[in-house]
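Take a look at the structure below.
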Amino acid sequence: MQSLLNKKIVLGISGGIAAYKSAELARMLMQEGASVQVVMTEAAQQFVTPVTMQALTGNPVYTSQWDSSITNNMAHIELSRAADAILVAPASADLMAKLSLGLADDLLSTLCLARDCPLLIAPAMNKQMWEHAATQRSAQRLLADKVALLGPASGVQACGEVGFGRMLEPAEITEQLIAFFQKKSLAGKRVLITAGPTFEAIDPVRGITNHSSGKMGFAIARAAVEAGAQVQLIAGPCGLSTPLEATGQINRTNVLSAKEMHAATLNASDYDIFFAVAAVADWGIAKPAKEKIKRQGKQAPSLEFTANPDILADVVKTVKTKGGKPYPYCVGFAAESTDLAKHAEEKRKRKGLPMIAGNIGPDTFGSDLNQLLIIDGSGSKKIAKAEKLDLARQLIQLVAKKI
Ligand code: C5P
């Protein structure tokens with residue numbers, strides 16, 4: 001799935017060492033289906049050449065407002081009118097200061113001032129420059145002018161210092177630009193999600209677990225952030241990176257066992273929607289050994305199980321009514337090997353859920369693809385086979401309509 005299909009992006013590059021990452025950024029935007037038109041400042045060309053950017057994007061690179069090849073010789077007007085968004089990465093302290101004051105003394109700054117499309121900037125500079133009161137003033141003014149700031153991140157800088165000012169990685173900028181274009185149907189809402197498997201220890205080195213990659217739960221977390229929600233993600237052991245982490249809209253708690261997941265989930269309060277996507281182990285080991293159980297010839301140890309708490313059932317017990325609607329709105333998941341529609345509907349009723357999503361087909365584990373059968377009180381709806389992120393976005397829209 002290409003999330004930026006048919007989007008026209010003007011990629012502005014200003015003078016900073018992070019400009020070397022703009023080449024990869026352009027590639028990533030194009031992989032998502034965007035067409036990329038690069039505009040560079042004079043200083044940017046000290047770090048990366050227009051030839052590089054032209055070769056990667058397949059489009060001529062503009063560097064001057066006096067370029068006679070543009071219709072009417074008005075590059076600053078022409079380029080922004082055709083664009084769905086202008087993305088400046090890296091945005092230097094100098095460029096931020098200029099944009100915040102409405103100065104327009106080269107093609108990129110003039111283009112930003114003359115634009116009639118959204119502007120997103122990814123600041124990149126030394127930490128002292130970022131922390132300087134003047135840059136902070138620029139950032140505040142730009143935010144007040146509805147410019148979206150992507151980052152900066154904290155970390156080791158090209159100058160060797162450590163702190164805020166590093167440009168976000170190209171993958172994070174791409175993720176945030178994609179998010180920017182999604183419908184904000186959950187703006188101001190709070191969403192709680194359990195994802196991945198749980199791990200029930202037998203001893204310090206062994207355990208039992210469920211088949212679950214965590215991909216569906218993480219896709220729902222990403223889609224919820226894209227839709228404008230504040231997300232609490234409670235994740236079992238799955239080794240996936242947190243989506244859209246740099247937005248500050250997502251908070252992740254890692255857990256291991258079902259009991260830990262239960263505690264973390266029941267500890268969360270005040271959320272509008274709960275997605276129980278985790279494949280929680282139904283049983284844990286009654287008395288996990290404190291030390292590794294040694295092999296004793298051919299004799300196998302016998303394990304005693306205890307039932308784990310049903311996290312979703314315990315959340316359902318806390319449901320209240322707000323504005324005539326259940327709060328939180330609980331969505332369960334069902335992975336069945338037979339008779340999905342029947343078992344899922346039974347489960348929905350038994351668990352007292354307004355909605356349940358059934359995984360159709362046996363090939364969903366670990367895959368990027370899935371198909372869902374969504375059942376609520378008014379009937380069922382199939383969401384055709386697609387990437388989990390695509391399904392997650394559709395599910396989020398369905399739930400947004402319900403709350
Ligand atoms: O009962 P079953 O495990 O099939 O129900 C699946 C749904 O219940 C999923 O949404 C799953 O996340 C949730 N669940 C839970 N706690 C458990 C078992 C399942 O939250 N202990």
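Measuring from label point to label point, each 7 Å out along Cα→Cβ, what is the Lys349 to Arg27 span in nm?
Inter-label distance under the simple model: 5.5 nm.
Amide H neighbours of Gln65 under 5 Å, at least 5 residues apart or on other chains, H built in the peptide plane: list them.
When sequence neighbours closer than 5 places are left aside, the close amide H contacts are Leu107.
Mind giving me the FRET efficiency for Ala201 and Lys402? R0 is 35 Å, r the Cβ-Cβ distance, nearest 0.05 is fine.
For R0 = 35 Å, the calculated efficiency reads 0.35.
Residue by residue, what Karplus-based ³J(HN,Hα) values in Hz, rounded to whole numbers, does the stretch 235-248 have, using 6.51, -1.76 and 1.60 with θ = phi - 60° and x for Gly and Pro?
10, x, x, 9, x, 8, 7, 5, x, 6, 4, 5, 6, x
If you split all Cα-Cα distances of the stretch 289-370 into 5 Å bins from zero, what percentages do you get per bin, shortest first?
Answer for the stretch 289-370: a P(r) of 3, 11, 15, 14, 13, 12, 10, 10, 7, 3, 1, 1, 0 percent.
Helix 258-267 versus the longest principal axis of the chain: what is the Cα-based angle in degrees, 0 to 90, to the nearest 10?
Taking Cα atoms only, the helix is inclined about 60 degrees.
Calculate I(q)/I(0) for the stretch 1-76 by the Debye formula, one identical point scatterer on each C-alpha and no solvent, and give its log10 at q = 0.17, 0.21 Å⁻¹ to two decimals.
Scattering profile of the stretch 1-76, log10 relative to I(0): -0.64, -0.91.
May I ask you to compute the full-extension gain from Ala114 to Ala300, defined as 0.36 nm times their residue separation minus their alpha-carbon distance, rounded to one decimal in nm?
Extra length available between Ala114 and Ala300 comes to 59.5 nm.
Distance from the Cα centre of the stretch 238-297 to that of the stretch 81-130, in angstrom?
After rounding, the separation between the Cα centres reads 42 Å.
Just the number, please: Stokes-Einstein D of the stretch 153-239 in µm²/s, Kirkwood Rh from C-alpha pairs, 10 °C, 1.306 mPa s.
For these conditions, the coefficient is 102 µm²/s.
Once amide H atoms are built 1.01 Å from N in the peptide plane, which residues 5 or more positions from Phe199, or in another chain, come under 5 Å H to H?
Ser257, Ala258
Counting only DSSP beta bridges with both residues in the chain, what percent are antiparallel, rounded to the nearest 5?
Within the chain, antiparallel bridges account for around 40 percent of the total.
Which of Gly323, Gly284, Gly379 moves most in a GNM of the chain, Cα contacts under 10 Å?
Among Gly323, Gly284, Gly379, the largest mean-square fluctuation in the Gaussian network model of the chain belongs to Gly323.
Can you give the percent of C-alpha pairs in the stretch 114-259 whose distance is more than 21 Å?
56
Return one whole number: the accessible area per residue of the chain in Å², for a 1.4 Å probe.
48
In straight Cα distance, which aspartates and glutamates are under 19 Å from Lys342, not counting same-chain residues fewer than 8 positions off?
Partners found: Asp376.
Given springs between every Cα pair under 10 Å in a Gaussian network model of the chain, which of Gly366, Gly324, Gly102 has the largest fluctuation?
Taking springs between Cα atoms under 10 Å, the residue moving most is Gly324.
In a Gaussian network model over the chain where Cα atoms closer than 10 Å are linked, find which of Ala114, Ala268, Ala83 has the largest mean-square fluctuation.
Answer for the Gaussian network model of the chain: Ala268.
Rounded to the nearest 10 degrees, what's the angle between the helix 22-31 long axis and the longest principal axis of the chain, both from Cα atoms, 0 to 90?
Rounded to the nearest ten degrees, it is 60.
Quick one: work out Rg over Rh on the C-alpha atoms of the stretch 8-181, Rh as Kirkwood radius.
Dividing the radius of gyration by the Kirkwood radius yields 0.94.
³J(HN,Hα) across the stretch 327-336 via Karplus (A = 6.51, B = -1.76, C = 1.60, θ = phi - 60°), whole Hz, x for Gly/Pro?
Residue by residue, the stretch 327-336 yields 9, x, 7, 9, 10, x, 10, 9, 10, 10 Hz.
Starting from the Kirkwood radius over alpha-carbon pairs of the stretch 190-402, derive D by Stokes-Einstein at 10 °C in a medium of 1.306 mPa s and give it in µm² s⁻¹.
The estimated diffusion coefficient comes to 89 µm²/s.
Kirkwood Rh, the chain, all Cα pairs: how many Å?
It is 23.6 Å.
The values are calculated or read from the model by the stated rules, or taken from the named source; none is laboratory data. Since the structure is predicted, the reported quantities are computational estimates derived from the model, not experimental observations. With ideal geometry, Cβ positions are generated from the backbone for all residues, glycine too; neighbour counts draw on all protein chains shown. We work out accessible area using only protein heavy atoms, side chains counted, and drop any ligands, DNA or RNA first. Shrake-Rupley method; radii C 1.70, N 1.55, O 1.52, S 1.80 Å.
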